[in-house]
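Report on one structure; see the data block that follows.
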Amino acid sequence: MTKLTLSQLSSLLFRACDDLRGNMDASEYKEYIFGMLFLKRLSDLFDQEREQLGKDLKSKGMAPAVIDTQLDNPDKYTFFVPVEARWSKIQHLKSNVGTSLNKALEALEEANVDALQDVLKGINFNKKIGQRTLDDDTLSNFIQNFEKIPLRDENFEFPDLLGAAYEYLIKYFADSAGKKAGEFYTPADVVRTLVEVVEPQAGMSVCDPTCGSGGMLIQTRDYIQECGGNVRDLSLFGQESIGTTWSICKMNMLLHDISHADIRQEDTLRRPQHKDESGELKRYDRVLANPPFSQNYIKKDLEYSGRFSVWLPEKGKKADLMFAQHMLAVLKADGKLATVMPHGVLFRGGEEREARKHFLERGWLEAIIGLPAGLFYGTGIPACVLVMNKKGAQARKHVVFINADRDYREGKAQNFLRPEDISRIVHAYRTLTAGKRASCLATRAACPSARSRAKTSTATSGATSTTRRHPSRTTCARICTAACPRSKSTRCSTSGRTTAACASAVSWRGLARASTWTSTPK
């Protein structure tokens with residue numbers, strides 16, 4: 001039997017999209033595609049398990065009446081599919097199609113409430129789009145497209161084919177959604193970079209407090225699997241505030257065979273959901289996140305206020321470092337986190353400056369990685385990655401700066417990181433944080449403003465022994481303002497090129513700190 005490839009499956013799914021594309025925007029019909037794919041997969045899986053169960057019971061010599069009873073036992077299946085949700089009935093729908101599909105999703109959810117509670121009922125095939133709803137003919141044609149897609153395990157070219165196709169669809173909708181895509185999707189190349197930076201291992205607990213469609217948790221599982229670890233020992237947790245995105249995430253996890261992931265819906269800052277047996281916030285070995293950039297937040301009725309040592313303004317789109325403080329609060333004493341942030345968090349004054357000071361004084365901030373512009377949906381501005389590591393924080397003597405703003409490949413709509421770009425970034429991070437320092441760092445004495453300030457730290461810019469060029473002063477200064485808003489040019493003794501040596505504007509126990517840049521040409 002010919003196996004279904006990813007290319008073939010994607011092509012079949014896009015044909016289904018074609019039936020809806022003329023009636024509504026991609027942002028409106030994506031839940032129909034995801035819902036129907038999920039319904040067809042669970043129905044095909046149920047039929048597969050039902051046939052195998054019947055064969056096994058018959059081979060044991062059981063009476064036909066006993067076999068029939070067991071075939072209708074929900075406990076015998078991964079997901080029990082009631083009659084009204086089985087594809088054998090759905091494929092023949094011609095009238096009241098939207099209502100019948102809604103009832104099928106509702107019945108499927110109620111039959112598997114532990115795994116699917118509130119996941120499918122929100123999908124409404126009778127939803128009014130503009131002045132009308134989708135007619136029966138359109139929905140019948142939509143169903144027939146899925147009739148052509150076999151979704152049993154035996155049909156797949158490789159085990160995670162369906163999960164890969166689901167991810168492909170999510171990216172397709174992200175490409176179509178433009179600015180709104182950032183609400184549910186972080187580019188896979190950025191996610192891979194963060195995962196490799198924190199190096200999760202089997203047996204760890206990993207959380208994404210703004211999980212979107214779940215890509216960071218899925219790639220964490222995949223990374224550990226690639227490294228030969230037992231993914232069954234991995235504990236995954238996520239929280240998402242937008243209901244539709246939360247549902248997509250839940251389905252995404254199940255289609256990737258990650259049934260044990262604990263995904264909750266609620267605003268992470270106001271009401272964090274994961275708690276331990278004593279009612280305190282659960283803590284994790286690793287935290288990965290791409291929180292919404294530059295948003296406001298609501299302080300009223302905010303739970304677990306002890307998470308925040310520095311309160312940022314509710315208005316003015318300053319919630320970025322509130323998310324960072326939450327991540328630190330739920331990180332174990334030897335844990336590590338990596339989060340995407342806009343560059344504004346590196347240089348804005350006021351309370352954000354105090355928050356940076358708070359991170360630095362405790363030695364939590366381990367590295368800042370400057371990313372290229374144009375990687376993210378909805379914004380062309382460059383972003384950065386803050387890496388915070390509680391392990392060894394008291395002894396930490398430096399913050400590593402990695403400038404990777406030229407390590408990318410240009411795309412038509414947006415830029416992306418190539419495998420070699422990710423490798424360079426991760427190698428630079430691991431090398432520099434392991435204590436292998438650069439060969440040409442400007443000294444603290446090179447910065448006049450440092451001599452006039454009591455209890456200031458020094459950040460310098462140079463090239464490591466592994467890089468092939470020095471960043472320009474402009475490139476360097478852009479991110480070096482993380483702790484160094486005042487800079488003065490200095491000449492590198494090794495390259496003779498002019499770079500920037502900066503005095504930190506935050507106190508850090510009166511100790512000198514050194515930071516390092518690295519970047520390579522395209």
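If the only charges are +1 at each Lys and Arg Cβ and -1 at each Asp and Glu Cβ, what is the size of the charge dipole of region 48-173 around the Cα centre, to the nearest 20 debye?
Approximately 360 debye in magnitude.
List the residues whose amide H sits under 5 Å from the amide H of residue 403, counting only those 5 or more places along or on another chain, with H placed 1.01 Å from N in the peptide plane.
370, 518
Work from the charge dipole of region 374-435 (Cβ charges, +1 for Lys and Arg, -1 for Asp and Glu, about the Cα centre) and give the residue of 388, 423, 374 farthest towards its positive end.
388
Can you list which of the trypsin sites (Lys or Arg not before Pro) found in region 71-146 are DSSP loop residues with at most 13 other C-beta atoms within 10 Å?
Loop-located and lightly packed - 94, 128.
Hey, which of these cross-link pairs are over 30 Å Cα-Cα: 60/121; 275/390; 30/315; 30/94; 30/300?
60/121; 30/315; 30/300
Per residue, how much accessible area does region 57-113 show when a 1.4 Å probe rolls over the protein heavy atoms, in square angstrom?
On a per-residue basis, region 57-113 sits at 57 Å².
If you plug each phi of region 393-406 into the Karplus form 6.51 cos²θ - 1.76 cosθ + 1.60 with θ = phi - 60°, what whole-Hz ³J(HN,Hα) values come out, in order, with x for Gly and Pro?
4, 5, 9, 5, 10, 7, 10, 8, 9, 10, 9, 10, 6, 10
So what are the ³J(HN,Hα) numbers for region 142-155, from phi and the Karplus equation (6.51, -1.76, 1.60; θ = phi - 60°), rounded to whole Hz, Gly and Pro as x?
Karplus-based 3J(HN,Hα) across region 142-155 equals 4, 5, 5, 5, 6, 4, 7, 10, x, 10, 8, 4, 5, 7 Hz.
Search the structure for amide H atoms under 5 Å from the amide H of residue 264, placed 1.01 Å from N in the peptide plane, and list their residues when 5 or more places away or on another chain.
Placed amide hydrogens put 238, 239, 240 under 5 Å from residue 264.
Go through 171/299; 127/250; 282/391 and tell me which ones have a Cα-Cα distance over 24 Å in this structure.
Exceeds cut-off: 171/299.
Distance between Cα centroids, region 124-202 to region 3-35: provide it in whole Å.
Going from one Cα centre to the other spans 8 Å.
Report in % the part of the accessible area of region 279-335 that belongs to carbon and sulfur, leaving out ligands and nucleic acids; probe 1.4 Å.
About 46 percent, which is the carbon plus sulfur part of the accessible surface.
What net charge do the residues around residue 220 carry, taking every other residue with its C-beta under 12 Å from that of residue 220, with Lys and Arg at +1 and Asp and Glu at -1?
Taking every Cβ under 12 Å from that of residue 220, the sum is -3.
List, in order, the whole-Hz ³J(HN,Hα) value for each residue of region 58-65 obtained from phi through the Karplus relation with A = 6.51, B = -1.76, C = 1.60 and θ = phi - 60°; use x for Gly and Pro.
After applying 6.51 cos²θ - 1.76 cosθ + 1.60, I find 5, 5, 8, x, 6, 5, x, 5 Hz.
Residue 384's amide H: which non-local residues (gap 5+, or another chain) put their own amide H closer than 5 Å, with H modeled 1.01 Å from N in plane and none for Pro or chain starts?
For residue 384, the qualifying residues are 341, 343, 371.
Ignoring ligands, DNA and RNA, what percent of the 1.4 Å accessible area of region 21-100 is carbon and sulfur?
C and S fraction of accessible area: 48 percent.
Just order 56-62, 276-282 by mean Cβ neighbour count inside 10 Å, highest at the front, would you?
56-62, 276-282
What does the charge count near residue 132 come to, summing +1 for each Lys or Arg and -1 for each Asp or Glu among other residues with Cβ under 15 Å from its Cβ?
Its environment carries a net charge of -3.
Ranking request for peptides 7-17, 234-244, 29-39: highest mean number of other beta-carbon atoms within 10 Å first, then the rest in descending order.
29-39, 234-244, 7-17
Skip the ligands, DNA and RNA, and give the accessible area per residue of region 323-389 with a 1.4 Å probe, whole Å².
About 25 Å² of surface per residue is accessible.
The values are calculated or read from the model by the stated rules, or taken from the named source; none is laboratory data. Bear in mind the structure is a predicted one, so any value in this text is a computation, not a measurement. In this analysis, Cβ positions are derived from the backbone assuming ideal geometry, glycine residues included, and neighbour counts consider all displayed protein chains. Quick note on the areas: whole protein, heavy atoms, side chains included, nothing else; ligands and nucleic acids left out. Shrake-Rupley method; radii C 1.70, N 1.55, O 1.52, S 1.80 Å.
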